[in-house]
Amino acid sequence: MTERRLVDERISLKHGAGGGAMRALIEQIFAPGFGEVAGGVGLSAMDDGAALPIGDRWLVVTTDAHVVQPIFFPGGDIGRLAVCGTVNDLAMMGATEPLALTCAAILEDGFPRCELERIWASIRAACAEAGTTIVTGDTKVMRRGELDRIALTTTGVALTSRVVTDRGLRPGDRVIVTGTVGDHGLAILATRGELAFDTTLVSDVAPLNGLVRGALAAGGAGVVAMKDPTRGGLSSALHEMAGKSGVAIVVDERAVPVRDEVRAAGELLGIDPLLVANEGKAVLGVRADVADRVVDALRAHPLGRAAAIVGECIAERPGSVIVDTGFGRRLLGEAEGELLPRIC
Amino acid sequence: MASPGGRLEFRDVARGAALTEALAARVTSLGRAPVSVMHVCGSHEQAIAKFGLRAAFPPELRVIMGPGCPVCVTDVPEVDEAVALARQGVRVATYGDMLRVPGTAGSLADERGRGARIDVVYGAAQAVELARGGEPVVFFASGFETTAVATAAVLLADPPASFSVLSAHKYIPPVMEIVAEMPGSAIEGFLAAGHAATITGWGVFERFVERHRLPVVVAGFEPLDILAGLVRLVEVIASGEPRVDNAFPRCVTREGNPAAQAALWRVFELQGGRWRGIAHVPNGNLRLRDEFAAWDARRRYAIDVAALWDHAPAALVAQCQCGDIMAGIASPHDCALFGRDCTPDAPVGACMVSAEGTCKIWHQYGGHPDLREIRRRA
């Protein structure tokens, strides 16, 4: 009998999908040798960012590389995405006052100046929305064909007096999402013309630090875990939170806010909105006694109008995410590779 | 926000609960266990998975995934042909879920990682559009008689010379015979696919019922359709009078769609072929008729499948137990490959490829394919 390869010899799209393959890559290649941060959060925690203890506070640091095709899409562009992605990763660690961001741009030879100006106008606007600024950067230009137009990498820093990880859940806790899921990913697919039909879908890309600040103020220490469901969608975020916390999460599928257009597109294409990327949503794990208060605080913010309690943590089957469909129950799968429409 | 239960007529949770109860009562009144029935459709599979219906079925009822997912039963050599073409530099268009189906030396997704040009399309017409630029495009076409009609339609609409079809299309009725005739088969009835029957008509199953004395119920794809179809199937089993029953009358007639049938048989003819992990199925494959040879990739290209085999792992397929598992006479634990050489990441047989394949479910659920005990505490 032949031995099966346990490790992929080549990197493929699945390693960037935010699911199990990406986590395995980080564990096997990126994380070894970089130990834990004493009294804080390091790379081995594979959280949204790092938290370095400084006095009685923590410096939260996160970095995010952004590539998206097309670079301009309904509801945003790569610039807005680059600012929001990093601001949101800071916020998911409990750091809602970003001190500053850095931004490195890698451009392809021939990139139009007017598009660059448009992207930077969008970066400025997003920074203003998030209450932060860009303080340093870097520019590289690559030969034509060596890069698909533009890649942006942003790093963010912020101080916080309380770090919220993605592993604080225990049985009985409630899981909240701050709004409709699947908007960004399906808007991008539609813009690429990959849906074979037109939609009016708009990306949800937005800085969440203001929204999260309100939730933290309302829930206090009862907010025990946070994550932004970007690549891999709500499913990946829930799997990570369940796995790291050692609980199972039972999701009430009918409570998950999903726009009619997203639901319809998903039905047609065989794509589960729970697996589709979001860029302006957060998942919060909270103690049961503060859940309603946190939802009220979220709904009071323009970005949290559709916030809802969508699930509950249980002790059985730790690490799994179980969907209660109303008809029965299923295990929620994780996205691997790009989302593929089904034939049957 | 709209909830699926509140808005859509066929997703009424309360009616679902009533049907679930009715199903349990009908199965209990049979007075024996297990009662094994088979569905033969990928869309039934997907709906059962999506709505978590397995956790709602009574424990005495075994709903076995039959050879009904065209992607899953696409045989290794067929995938190899597509991989070989891609490796030879030909642009290949296919359906999204075909991308990850493993052949002898990997899948089309693997090939794309190595730089091959693979396009995911939503339908045959989109593949034709790709070929309109003049560059040769091979459409690796899978699916049963439903999807094959779409392939037939584009071939009848004068496609460009740059377009060709690598047919992995399959025809369901013959494989039902195979399953029914498997020695020791425990299958007591079939749930047939509503959309395929829309084209073939439910009359296509009459001869099968006559020959095998096994009931067939045609069912749709909403959760209520499936539950109602199963209730009907258990009722027919209880009656002891096997017949074809149409539980999808809003779409399916006895005669089906004659125009679609005509298109299908003008373009395709039946041919025997292997279905992954199951058997050689006489008349189970759909191949292009001679008059469409110009668009038949197998006749247009010298497909060098053997070139893939130099470094290929030994064939595990011979040890695959999918056939017996589908017949309800073996469980995944009876298979030496299960969980070791055959996993969802590297599946050998159809039962591990498919989302609702028995092996995939067992693997995913840690050998306990049961979420009934998990209750949400409100």
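The values are calculated or read from the model by the stated rules, or taken from the named source; none is laboratory data. Computed from a prediction, not measured in an experiment: that's the story for all the values here. Ideal geometry is used to build each Cβ from the backbone, glycine not excepted, and the neighbour counts take in all protein chains shown.
Taken over the range A:213-237, the criterion of being out of contact with any His (no Cβ under 9 Å at 6 or more places or on another chain), more than 24 Å from A:VAL68 (Cα to Cα) and among the aliphatic types (A, V, I, L, M) is satisfied by A:LEU216, A:ALA217, A:ALA218, A:ALA221, A:VAL223, A:VAL224, A:ALA225, A:MET226. Scanning the range A:173-211 for residues being touching a residue at least 60 places away in the same chain (Cβ under 8 Å), farther than 16 Å from A:ASP260 by Cα and among the acidic types (Asp, Glu) gives a total of 1.
Does the range B:39-51 contain any residue that is without any contact (Cβ under 8 Å) to a residue 12 or more places away in the chain, out of contact with any Leu (no Cβ under 8 Å at 6 or more places or on another chain) and in a helix (DSSP H, G or I)?
Going residue by residue through the range B:39-51, those that are without any contact (Cβ under 8 Å) to a residue 12 or more places away in the chain are B:50.
Add one more test, that the residue is out of contact with any Leu (no Cβ under 8 Å at 6 or more places or on another chain), and what stays is B:50.
Those left that are additionally in a helix (DSSP H, G or I): B:50.
Yes, that holds for at least one residue.
Taken as a whole, the range B:259-277 holds at least one residue that is within 30 Å of B:LEU61 (Cα to Cα), more than 14 Å from every other protein chain (Cβ to nearest Cβ), surrounded by fewer than 21 Cβ atoms within 10 Å (Cβ to Cβ) and touching a residue at least 60 places away in the same chain (Cβ under 8 Å).
Only a single criterion out of (1) part of a strand (DSSP E or B); (2) at the interface with chain B (Cβ under 8 Å from one of its Cβ atoms); (3) in contact (Cβ under 8 Å) with a residue 24 or more places away in the chain is not satisfied by A:LEU284, namely (2).
Consider the range A:56-71 and keep the residues that are over 15 Å from the mean Cα position of the chain (by Cα) and modelled with pLDDT of 95 or more. The one that is farthest from A:ALA95 (Cα to Cα) is A:ASP56. With respect to being aliphatic (A, V, I, L, M), at pLDDT below 95 and within 29 Å of B:VAL13 (Cβ to Cβ), A:VAL276 fits the description. Within the range A:67-82, none of the residues are of a type in the set (Lys, Arg) and in a strand (DSSP E or B).
Collect the residues in the range A:288-316 that are charged (D, E, K, R) and at the interface with chain B (Cβ under 7 Å from one of its Cβ atoms), keeping them in residue-number order. Spell out how you get there, then give the answer.
Taking the range A:288-316 first, the residues charged (D, E, K, R) are A:289, A:292-293, A:296, A:299, A:305, A:312, A:316.
Hits for the range A:288-316 are A:GLU312, A:GLU316.
Taking the stated definitions as given, is A:ILE271 part of a loop (DSSP other than H, G, I, E, B) and crowded, with 21+ Cβ neighbours inside 10 Å? The answer is yes for A:ILE271.
Does at least one position in the range B:125-145 carry a residue that is within 12 Å of another protein chain (Cβ to nearest Cβ), more than 20 Å from the chain's Cα centre (by Cα), modelled with pLDDT under 95 and surrounded by 22 or more Cβ atoms within 10 Å (Cβ to Cβ)? The answer is no; no qualifying residue exists.
For the range B:343-360, the tally of residues that are at the interface with another protein chain (Cβ under 9 Å from one of its Cβ atoms) and either modelled with pLDDT of 80 or more or not in a loop (DSSP other than H, G, I, E, B) (or both) stands at 1.
Scanning the range B:84-120 for residues that are in a loop (DSSP other than H, G, I, E, B), more than 9 Å from chain A (Cβ to nearest Cβ) and among the aliphatic types (A, V, I, L, M) yields B:VAL90, B:VAL101, B:ALA105, B:ALA116. Within the range A:64-87, is even one residue over 24 Å from A:ILE188 (Cα atoms), out of contact with any Leu (no Cβ under 7 Å at 6 or more places or on another chain) and surrounded by fewer than 16 Cβ atoms within 10 Å (Cβ to Cβ)? No: the range A:64-87 contains no residue that is over 24 Å from A:ILE188 (Cα atoms), out of contact with any Leu (no Cβ under 7 Å at 6 or more places or on another chain) and surrounded by fewer than 16 Cβ atoms within 10 Å (Cβ to Cβ). Filtering the range A:310-333 to residues that are in contact with an Asp or Glu (Cβ under 8 Å, 6 or more places away or on another chain), at pLDDT 95 or above and hydrophobic (A, V, I, L, M, F, W, C) leaves A:VAL310, A:CYS313.
Give A:ALA265, A:ALA306, A:ALA297 a once-over and let me know the one that is farther than 22 Å from A:VAL202 by Cα and either in contact with a Gly (Cβ under 9 Å, 6 or more places away or on another chain) or in the same structural domain as A:GLY222 (by TED's automatic domain parsing) (or both).
Values: A:ALA265 fails: farther than 22 Å from A:VAL202 by Cα; A:ALA306 fails: farther than 22 Å from A:VAL202 by Cα.
When all the criteria are applied, what remains is A:ALA297.
Tell me whether the range B:44-55 contains one or more residues that are more than 11 Å from every other protein chain (Cβ to nearest Cβ) and either closer than 30 Å to B:GLY240 by Cα or buried (at least 19 other Cβ atoms within 10 Å of the Cβ) (or both). No: the range B:44-55 contains no residue that is more than 11 Å from every other protein chain (Cβ to nearest Cβ) and either closer than 30 Å to B:GLY240 by Cα or buried (at least 19 other Cβ atoms within 10 Å of the Cβ) (or both). Residue pairs whose Cβ atoms lie under 7 Å apart, sitting 6 or more positions apart in sequence or on different chains, and linking a residue in the range A:130-155 that is over 15 Å from A:ILE78 (Cβ atoms) to a partner that is of a type outside the set (Gly, Ala, Ser) and in a loop (DSSP other than H, G, I, E, B), are A:ALA130/A:PRO207; A:VAL141/A:ASP109; A:MET142/A:ASP109; A:ARG143/A:ASP109; A:ARG144/A:ASP109.
For the range B:278-296, which residues satisfy the criterion of being out of contact with any Phe, Trp or Tyr (no Cβ under 8 Å at 6 or more places or on another chain) and either touching a residue at least 40 places away in the same chain (Cβ under 8 Å) or in a strand (DSSP E or B) (or both)? Of everything in the range B:278-296, those that are out of contact with any Phe, Trp or Tyr (no Cβ under 8 Å at 6 or more places or on another chain) and either touching a residue at least 40 places away in the same chain (Cβ under 8 Å) or in a strand (DSSP E or B) (or both) turn out to be B:ILE278, B:ALA279, B:HIS280, B:PRO282, B:PHE292, B:ALA294, B:ASP296. Within the set A:ALA265, A:ALA277, the sole residue that is of a type outside the set (Ser, Thr, Tyr), touching a residue at least 60 places away in the same chain (Cβ under 8 Å) and not in a helix (DSSP H, G or I) turns out to be A:ALA277.
Residue-level analysis places B:PRO67 among those that are within 15 Å of the chain's Cα centre (by Cα) and either away from chain A (no Cβ under 11 Å) or more than 25 Å from B:GLY134 (Cβ to Cβ) (or both).
What do you reckon, is B:VAL154 without any contact (Cβ under 8 Å) to a residue 40 or more places away in the chain, closer than 30 Å to B:ALA294 by Cβ, buried (at least 19 other Cβ atoms within 10 Å of the Cβ) and aliphatic (A, V, I, L, M)?
Values: without any contact (Cβ under 8 Å) to a residue 40 or more places away in the chain: yes; closer than 30 Å to B:ALA294 by Cβ: yes; buried (at least 19 other Cβ atoms within 10 Å of the Cβ): yes; aliphatic (A, V, I, L, M): yes.
In short, yes.
Mind checking which residues of the range B:52-86 are over 27 Å from B:ARG32 (Cα atoms) and in contact with a Pro (Cβ under 8 Å, 6 or more places away or on another chain)? So that I can check it myself, show each step before the final result.
If we filter the range B:52-86 for residues that are over 27 Å from B:ARG32 (Cα atoms), which is where we start, we get B:69-86.
Those that are over 27 Å from B:ARG32 (Cα atoms) and in contact with a Pro (Cβ under 8 Å, 6 or more places away or on another chain): B:VAL73, B:VAL76, B:VAL79.
Would you confirm, using the coordinates I've provided, whether B:ILE278 is modelled with pLDDT under 95, assigned by TED's automatic domain parsing to the domain that holds B:VAL179 and under 30 Å from A:GLY328 (Cβ atoms)? Criteria met by B:ILE278.
Table: residues versus (1) on the phi > 0 side of the Ramachandran plot; (2) crowded, with 20+ Cβ neighbours inside 10 Å; (3) assigned by TED's automatic domain parsing to the domain that holds B:SER164.
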site: B:LEU61; (1), (2), (3): no, yes, yes
site: B:ALA82; (1), (2), (3): no, yes, yes
site: B:GLY106; (1), (2), (3): yes, no, yes
site: B:ARG112; (1), (2), (3): no, no, yes
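Within the set B:PRO242, B:PRO249, the sole residue that is in a loop (DSSP other than H, G, I, E, B) and under 24 Å from B:LEU30 (Cβ atoms) turns out to be B:PRO242. Do we find a residue being outside any loop (DSSP other than H, G, I, E, B) and either more than 30 Å from B:GLN319 (Cα to Cα) or at pLDDT below 90 (or both) anywhere in the range A:32-41? Yes, the range A:32-41 has at least one match.
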